[in-house]
Amino acid sequence: MDRKLIWHEISRVLLKMMPMGRTANDILVLVSKVNSSQRDLDQQVEEAVEALTTSTQLISNLESSLEQRAKKLNELKEEYQRVSSLAELTKEQGDAVAKTLEQTLGKGQSRERWIAFAINIIAGLIIFVLGVFLSDWVQELPGKFGFGEDTVQADIPENDIE
């Protein structure tokens, strides 16, 4: 048993033995009940405060979730309005826009092709001319570095030649 409970019972028994003890005992029981009901009331108040705190957090979470969904809904409405305005174009207007785009892109492509052709021809001529003038010099390079035709053949082992 709890020490507090034991002392309470002992004090009750002692009060009963005293003159006017029954009245004092009844008063003690009444005070005990009042204290017990006060503790129960305090516990209920604490539970109510915890429940209110939890409810407040839940409501704030729901509020933020609803705000996010409202923002997404507004974005979807704006996107729908944009797409619906594009869908309202008539077939003739769509054909006119497509034709204009094709003409704009087609004019640029033929000019770009001629420029690319000219650049390739010029680059090819430059490489050809350099090849003609530098071919003798390139053929002499192995000899300048000590790699003559005889040296290269002499370094190959006999087993590797088949």
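The values are calculated or read from the model by the stated rules, or taken from the named source; none is laboratory data. These numbers come from a predicted model, not from an experiment. Don't worry about glycine lacking a Cβ; one is built from the backbone with ideal geometry, like all the others, and counts go over all protein chains shown. Accessible surface is based on the protein model in full, side chains and every heavy atom, while ligands, DNA and RNA are left aside. Shrake-Rupley method; radii C 1.70, N 1.55, O 1.52, S 1.80 Å.
From the list ALA116, ALA123, ALA96, which one is at pLDDT below 90 and surrounded by 10 or more Cβ atoms within 10 Å (Cβ to Cβ)?
ALA96
Is the range 68-80 home to any residue that is open to solvent by less than 100 Å² (accessible area, probe 1.4 Å), at pLDDT 85 or above and of a type in the set (A, V, I, L, M, F, W, C)?
Yes; the residues of the range 68-80 include at least one that is open to solvent by less than 100 Å² (accessible area, probe 1.4 Å), at pLDDT 85 or above and of a type in the set (A, V, I, L, M, F, W, C).
Specify which of the listed residues (SER55, SER37, SER60, SER65) is surrounded by 10 or more Cβ atoms within 10 Å (Cβ to Cβ), among the small types (Gly, Ala, Ser) and under 30 Å from ARG12 (Cβ atoms).
SER37
Could you please find all residues in the range 141-155 being surrounded by 10 or more Cβ atoms within 10 Å (Cβ to Cβ) and at pLDDT 80 or above?
PRO142, GLY143
Given the residues THR53, THR23, which is the only one that is part of a helix (DSSP H, G or I) and at pLDDT below 75?
Selected residue: THR23, the only one of THR53, THR23 that is part of a helix (DSSP H, G or I) and at pLDDT below 75.
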